[in-house]
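The values are calculated or read from the model by the stated rules, or taken from the named source; none is laboratory data. Everything numeric here is computed off the predicted structure, so don't read it as measured data. Note that each Cβ is placed from the backbone with ideal geometry, even for glycine, and that neighbours are counted across all protein chains shown. Heads up: the accessible areas ignore ligands, DNA and RNA and are worked out on the full protein's heavy atoms, side chains in. Shrake-Rupley method; radii C 1.70, N 1.55, O 1.52, S 1.80 Å.
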Amino acid sequence: GSHVVTGWETDTSSQTSASQAGILHGDNSDIPAFRWYDKASGEIIASSNTKVLPILEEEHSNGNGLLSDNGASRGNLLSGDAPYVMNTASTLTDRSRFHASEFQAYFANPYNLTRTILLFLWDVILELRQRRWAIKNDIQPRLDRHHRGGVYPLIRAVMTTFMRELNIYTLVGDMFAGRPSAYATFVGYDEIAHHSGVLDPGAFDALHKLDQQFARVESAIKDAPRPYHLVILSDHGQTGGATFKQR
């Protein structure tokens, strides 16, 4: 009875950069996709490009974003004009907004570092096992070995464990600091589902582990200096299907 599940419908561009621009800045105009061809410049624009994102945010921000009132941005594409940012792609090239204090406490604790390394290595092993399982059982559609081989197991482990642990730890810190608002992106399920499929057991395993971490955040509310409400939002949808290249 304490939680409410509700639905919402995204815009035509159902992906993170457009959704976050709308949620954090109230404006997602002219963001038609995660990647698109810009006629004016004659170039392919990618939402993950850290050189493009500051310009994109400047074009859509009026300085009064969702997090502008002493809020915090954790692991997002856009900052929402937050004064406290960590691993926020639109601010990575702005050294004036980089503050080591945002996450130094996490690494100062030997337990946190050891735990994260072990979780990281375990997730690499999980990806190797899950890829072999998908090939053995001829799961279709799936990305080929090239997309799930090479350095991908390491990239996945960064997204599913390192980023998750750092986000959770800093969010709890934000609550103990009494910050009025914080927005964090957890990309673990998204990362696995893009490569393995939305119904892949590994994707659901990532959701289960994320739910456990949300419980940590929820329990921390009891000791926070002010009340907090948690909003767990899926900022876009996904459909299972073969890639254009495969078709």
(request) Estimate the FRET efficiency between LEU233 and SER41 by the formula 1/(1 + (r/R0)^6), using the beta-carbon distance for r and 22 Å for R0, to the nearest 0.05. (result) 0.10
(message) Using the basic label-point model (7 angstrom from Cα toward the beta carbon), what is the THR114 to ASP11 distance in nanometres?
(response) 4.8
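Only helices at least 15 Å long along their own axis, judged from Cα atoms, and with Kyte-Doolittle mean hydropathy of -1.0 or greater: name those in the chain from DSSP H. Don't skip to the end; give the middle numbers.
Numbers: long enough: 110-136 (39 Å, 0.11); 163-176 (20 Å, 0.39); 201-220 (29 Å, -0.37).
Once both thresholds are applied, what remains is 110-136, 163-176, 201-220.
Put PHE244, PHE98, PHE34 in order of accessible area, largest first, 1.4 Å probe: what do you get?
Working: PHE244 205, PHE98 130, PHE34 65 Å².
Greatest to least solvent exposure: PHE244, PHE98, PHE34.
What net charge is computed for the residues neighbouring VAL172, neighbours being all others with C-beta under 10 Å from the C-beta of VAL172, Lys and Arg scored +1, Asp and Glu -1? Intermediate results must be reported in sequence, preceding the final value.
Details: positive: ARG216; negative: ASP174, ASP223.
Net local charge, VAL172 excluded: -1.
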(message) Restricting to bridges with both residues inside the chain, how much of the DSSP beta-bridge set is antiparallel, in percent to the nearest 5?
(response) 40
(message) Testing the spin-label approximation: label points 7 Å from Cα along Cα→Cβ at GLN140 and ASN70. State their distance in nm.
(response) 5.8
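Given a cut-off of under 8 Å on Cα pairs at least six residues apart, what relative contact order in percent is computed for the chain? Present the calculation step by step, with values, prior to reporting the outcome.
Values: 325 pairs, mean separation 42.9, N = 247.
Once divided by the residue count of the chain, the mean separation gives 17 percent.
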(request) Quick one: which residues, 5+ away or cross-chain, put their amide H under 5 Å from the amide H of ALA182? H built at 1.01 Å from N. (result) ALA72
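Which length gain, in nm to one decimal place, applies between VAL4 and ILE155 when the Cα-Cα distance is subtracted from 0.36 nm times their residue separation?
51.0 nm
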(request) Translational diffusion coefficient, Stokes-Einstein: compute it for segment 123-247 using the Kirkwood radius over C-alpha pairs as Rh, at 25 °C and 0.890 mPa s, and state it as an integer in µm² s⁻¹. (result) 153
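Pull out a ≥ b ≥ c, the square roots of the eigenvalues of the alpha-carbon gyration tensor of segment 23-112, then state rounded if a/c is under 1.5, prolate if not and a/b is larger than b/c, and oblate in the remaining case.
Numbers: a/c = 2.66, a/b = 1.75, b/c = 1.52.
The shape class here is prolate.
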(request) Take ARG179, ARG216 and sort them by solvent-accessible surface of the protein heavy atoms, 1.4 Å probe, largest at the top. (result) ARG216, ARG179
(request) With r as the distance between the Cβ atoms of ASP94 and ASN62 and R0 = 22 Å, compute the FRET efficiency 1/(1 + (r/R0)^6) and round to 0.05. (result) 0.75
(request) Give me the aspartates and glutamates in straight-line cross-link reach of LYS51: C-alpha distance below 12 Å, same-chain residues under 8 apart excluded. (result) ASP94
(request) Can you pull the one-decimal nm distance between simple spin-label points at THR243 and ALA105, each 7 Å off the Cα toward Cβ? (result) 4.1
(request) Skip the ligands, DNA and RNA, and give the accessible area per residue of segment 133-186 with a 1.4 Å probe, whole Å². (result) 49
(request) Please arrange LEU113, LEU171, LEU118 by accessible surface area, largest first, computed with a 1.4 Å probe and ligands excluded. (result) LEU118, LEU113, LEU171
(request) Find the accessible area per residue for segment 1-112; the probe is 1.4 Å, ligands and nucleic acids are left out, and the unit is Å². (result) 59
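With a 1.4 Å probe and every protein chain kept in, tell me what percent of the accessible surface of the chain is carbon plus sulfur. The partial results should precede the final answer.
Numbers: 8280 of 14650 Å².
Carbon and sulfur together cover 57 percent of it.
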